[in-house]
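Here is the structure we will look at.
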Amino acid sequence: MTRKVAISIILIGLLVGFIVVPAQANIAGSALSAVSPAPVVYGTTFDITFTVNLLSSDYEFLDFVDVTVPSQWTINTVYNTPASSNFSCVTSTQGTVGQTIFWATGCPFATGQGAWLPGTINFVANVTVTSCEGAPWSLPWNLNGDEWLIAVPPHNVSGTYPISVVGCPGSEPVVVPGCDALLPIPATAVGGTFVADAPVYWAPGELTNPLVTIAAGNSARVLGLDASGEYYQIIWGCNFLWVPKATLGPNYDAVWHGAPLPTGVIEIPAAGARDGGG
């Protein structure tokens, strides 16, 4: 056998093996990793971001994403998520089917030309939460990847993402019974809802020790701001306490109806004289 013939046989064998045994694209471990904002707020219209973490050991593209939202949500708009691929597929589409929001590659599936590369990808829609029925909810999601080299059905992963809602009609501000009688509550106080976990302060800049954190979704009576405008004073457990301004938003329940939080400045007693008597 000549050297030329031997090399030809080896090359034919490699080619046959390449055709018969495809390199399977793999997106195992990929997921809808975050939804923001969370919790959502009843009666409001907002942009919601679905963050996908696409993992692929062999550089598979993402062809298709869908998320099903509750029937208590109105889907207003689905925004385009531009393709991140630098190959020939540089377009993407989006839309809805019933309560399912989807984003898709602009190329035919299973061609090796998906729209989105592995990494973190944000998909955004605009929705309105019209009811709290059935809450908390689970959002089913699906990710379809593109099998490259051989045109076989896309690899896919699926799951659910839990999400809750605040500001539902009939919910009451969380204030310990009896506080109205025990504390001097100004007429300008308004019910607020925590939109983020809030570290608690005895005074602006002075964290409680041990640290107390109020979880997002709880409600409290809000009295006003400190002089810096960075902290709200609240009533919590029959004490006057402080939390960062960014952690509180209006309460959209049947009592407060989203009333704006007070902006008046609260006079802070001299050091050592904490309101509420701890």
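The values are calculated or read from the model by the stated rules, or taken from the named source; none is laboratory data. Computed from a predicted structure; not experimentally measured. FYI the Cβ positions are ideal-geometry reconstructions off the backbone, even for glycines, and counts take in every protein chain you see.
Before moving on, here are some points about what is shown:
- Asn251 vs. criteria closer than 15 Å to Pro184 by Cα and either surrounded by 12 or more Cβ atoms within 10 Å (Cβ to Cβ) or at pLDDT 80 or above (or both): no
- Residue within segment 37-60 that is outside any strand (DSSP E or B), touching a Leu at 6+ places or on another chain (Cβ under 7 Å) and assigned by TED's automatic domain parsing to the domain that holds Ile101 present: no
- Val174 being modelled with pLDDT of 90 or more and either within 30 Å of Ser131 (Cβ to Cβ) or more than 29 Å from the chain's Cα centre (by Cα) (or both): no
- Within segment 239-268, residues that are within 15 Å of Gly229 (Cβ to Cβ) sit with their Cβ atoms under 7 Å from residues that are part of a loop (DSSP other than H, G, I, E, B) and aliphatic (A, V, I, L, M), at 6+ positions apart or across chains, in these pairs: Val243/Val200; Ala246/Ala196; Thr247/Val195; Thr247/Ala196; Leu248/Val195; Leu248/Leu261; Pro262/Ala189; Val265/Ala227.
- With respect to the stated conditions, Leu223 is over 27 Å from the mean Cα position of the chain (by Cα) and at pLDDT 90 or above.
- Some residue of segment 235-257 being of a type outside the set (Gly, Ala, Ser), over 22 Å from Gly167 (Cβ atoms), in a loop (DSSP other than H, G, I, E, B) and within 25 Å of the chain's Cα centre (by Cα): no
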